[in-house]
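Following: one structure in structure tokens, then a few remarks.
FYI, it's all coordinate maths here, none of it is from the lab. It should be emphasised that the depicted structure is a prediction, and the values quoted were computed from it without experimental measurement. Cβ coordinates were reconstructed from backbone atoms using ideal geometry, including for glycine residues, and neighbour counts include every protein chain displayed.
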Amino acid sequence: MANKNKAITLRINRRELATILAALRYHQDENLQGGQGGKSIPDQIIRQIATDGDTLKPLDFQEVDRLCRRLHAGGNKHTPKTLVVEPPPRGDGVNPLFRVVYCIDVAAADPLGAARKAHRLMIDPDSLPPVLEIIDARGNVATLDLSNEAPA
């Protein structure tokens, strides 16, 4: 059985996030005002969704509030900072545009030193091929491990 509290990664755009936040605030306002948690959810379909088919305890009013604050881009000082990489613009050439994301952790004294070290590793012919995320103009993401590719 899967761990019910295991974190998941979800890729959504700002419009989708706004809709999720609106739905959470609506659910909070309509269903959780009484302070009884999931027991106060009158709509059985919404209760089934909120409890994942009665397998989870639904979030209460305060938990939904904390979740909204975490999700909201203008959250508080405890909101985790993340890097958001937007899709490339739609190209008008023969080939579509892709945004290729290459992440690497390097130890260095300052940002310039880190950038130079990362660049040296990127162009070093003896470096292992990287794992890359490729984003198309629609926001679809493909993760490719080039070390698993056949030599060119």
**Prompt:** Under the Karplus relation 6.51 cos²θ - 1.76 cosθ + 1.60, θ = phi - 60°, what is the ordered set of whole-Hz ³J(HN,Hα) values for the range 136-148, x standing for Gly and Pro?
**Reply:** 8, 5, 8, x, 5, 10, 10, 9, 10, 9, 5, 6, 8
**Prompt:** What nm value, rounded to one decimal, do you get for the distance between ARG14 and ALA108 when each label is placed 7 Å out toward the C-beta?
**Reply:** 2.9
**Request:** Report the calculated FRET efficiency for VAL101 and GLU63 (r = Cβ-Cβ distance, R0 = 41 Å), to the nearest 0.05.
**Result:** 0.80
**Asked** Using r as the Cβ-Cβ distance of GLN48 and SER127, and R0 as 41 Å, what FRET efficiency do you calculate, to the nearest 0.05?
**Response** 0.20
**Prompt:** Using the Karplus equation 6.51 cos²θ - 1.76 cosθ + 1.60 (θ = phi - 60°), what ³J(HN,Hα) coupling, rounded to whole Hz, does each residue of the range 17-28 give in order, writing x for Gly and Pro?
**Reply:** 4, 4, 5, 4, 4, 4, 5, 5, 5, 5, 4, 4
**Asked** Taking the alpha-carbon centroid of each part, what is the distance from the range 84-122 to the range 57-71 in angstrom?
**Response** 35
**Message:** Can you compute 3J(HN,Hα) from phi for each residue in the range 112-125, using the Karplus curve 6.51 cos²θ - 1.76 cosθ + 1.60 with θ = phi - 60°, rounded to whole Hz and x for Gly and Pro?
**Reply:** 5, x, 5, 5, 5, 5, 4, 5, 4, 5, 5, 9, 5, x
